[in-house]
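First up is the structure itself, then whatever we jot down about it.
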Amino acid sequence: MFVVVEGSNGAGKTSLKERFEDEDGCSTLSSPNGTNLAKMLRPACRGEDPWSDIDARIQFLLFSAARLDEYIRLVEGNSDTIVADRWWTSTFVYQCTLQGLSVEFMEHTIHPDEKIDLVVILDGDDDVLIERMKSERLKNPKHGICTWTKDEASLRKLMKIYREDLPVYLDKLGINHVIVDTTNRTELEVFEHVKILIAELS
């Protein structure tokens, strides 16, 4: 089973993925970071220095290359339940919806045999998520820093896209998805809730 965890910064994706690392029969990955190639491409994908001025189309292609390598090496043929922190669903949000690149082109980069069983979209009150992100960055200044998250206005746009546009697109493709509000839930409560959702599909 292939489960993708999505959502804006501060929603709890990484924390949820880390809890699944200790579950029997689970494999996890953080994209783009799951293979040696993806790790090499990650700074340019995210627009980190010295790649802060990289063309959006090049970023798009780098993300696609990293994800395809991760799919072939880590997902294809894996009998575990795989929990991925971000996937092409992030490309839809950031590059396609926010930056206006072609959704049809993105669809051509998806492996023809790929099947996502469930997309979990972690959401929450905008102000709460932004405060969580700021707190995390005080502990780790590099956490979540990328081209699209350097200002609050962009963050709020991304939250709206995750909340409204991504579910509509997933409906169009017939991909199971659920929005989980993490505003007043602990990390453990979110984890237990998502475990139940996955078990119901097994």
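The values are calculated or read from the model by the stated rules, or taken from the named source; none is laboratory data. Please read these numbers as outputs of a predicted model, since none were measured by experiment. Neighbour counts run over all protein chains shown; Cβ positions are idealised from the backbone, glycine included. Note: areas computed on protein heavy atoms with side chains; ligands, DNA, RNA excluded. Shrake-Rupley method; radii C 1.70, N 1.55, O 1.52, S 1.80 Å.
Details
- The accessible surface of region 1-113, taken with every protein chain in place and a 1.4 Å probe, is 47 percent carbon and sulfur.
- Cα gyration tensor shape for region 147-202, rounded if a/c is under 1.5, else prolate or oblate: oblate
- Excluding ligands, DNA and RNA, the accessible surface per residue across the chain is 50 Å² with a 1.4 Å probe.
- Max mean-square fluctuation residue, GNM over the chain, Cα-Cα springs under 10 Å, options Leu62, Leu29, Leu138: Leu138
- Rounded if a/c under 1.5, otherwise prolate or oblate - region 1-99, Cα gyration tensor axes: prolate
- Taking region 44-192 as the region of interest, the number of lysine pairs whose Cα atoms are within less than 29 Å, with members eight or more places apart or on different chains, is 16.
- Rounded FRET efficiency, nearest 0.05, which uses the C-beta distance separating Phe105 from Thr183 and R0 of 30 Å: 0.30
- Rounded, prolate or oblate (a/c below 1.5 giving rounded, otherwise prolate when a/b exceeds b/c) for the chain by Cα gyration tensor: rounded
- Since only Leu37, Ile54, Ile82 are under comparison, the one whose Cα sits farthest along the positive direction of the charge dipole of region 1-139, derived from C-beta charges on Lys, Arg, Asp and Glu, is Ile54.
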